[in-house]
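Following: one structure in structure tokens, then a few remarks.
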Amino acid sequence: MKGRSAGQSSRIVGGAAVTLLLVLGACDGGRAPSPPTTPPAPTTPTAPPPALTGLSISGNLTLMAIGETSQLTATASFSDNTTKDVTAGGNWRTGDATVVTVNPGGLLTVVGFGVSDVSFT
């Protein structure tokens, strides 16, 4: 049996040499090999969202009489030169709620005499 490769054996049958080739599935116990899988398509990296670069408030901030109102608008500016109205997406605050109030939608209302600041976060 010298010179034979692994997986082969020889037997003498009726004076003739017969070579048998043994084929076994590798590492799967002889089961049929599974079909090849298609590799996943390459993914394109997703760009990070643009960064917030500024926030501005617009509307009439000089009100003179009790009961006067002004619709305020908060606008966010981003690093990709876009803007977005974020009026209803944040928190409005007044420095003195006895002078002015502001609702979640940005409606400013004078309720008393005095001076107050307005902020949005």
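Open to solvent by less than 70 Å² (accessible area, probe 1.4 Å), in contact with a strand residue (DSSP E or B) (Cβ under 6 Å, 6 or more places away or on another chain) and modelled with pLDDT of 90 or more: is that true of Val18 in this structure?
No, not satisfied.
Please enumerate the residues belonging to region 60-92 that are touching a residue at least 40 places away in the same chain (Cβ under 8 Å) and within 11 Å of Pro104 (Cα to Cα).
The one that is touching a residue at least 40 places away in the same chain (Cβ under 8 Å) and within 11 Å of Pro104 (Cα to Cα): Leu72.
Considering only residues of region 39-68 that are within 30 Å of Gly114 (Cα to Cα) and open to solvent by 80 Å² or more (accessible area, probe 1.4 Å), which is modelled with the lowest pLDDT?
Leu61
Return the total of residues in region 67-106 being more than 24 Å from the chain's Cα centre (by Cα), hydrophobic (A, V, I, L, M, F, W, C) and outside any strand (DSSP E or B).
Residues meeting the conditions: 3.
From the list Asp85, Asp117, Asp96, which residue is open to solvent by 70 Å² or more (accessible area, probe 1.4 Å) and over 22 Å from Pro48 (Cα atoms)?
Just one listed residue meets the conditions, Asp117.
The values are calculated or read from the model by the stated rules, or taken from the named source; none is laboratory data. Since we're looking at a predicted model, the values are computed, not measured. Note that we place each Cβ from the backbone using ideal geometry, even for glycine, and neighbour counts take in every protein chain shown. Side chains are part of the model used for accessible areas, which takes the heavy atoms of the whole protein and leaves out ligands, DNA and RNA. Shrake-Rupley method; radii C 1.70, N 1.55, O 1.52, S 1.80 Å.
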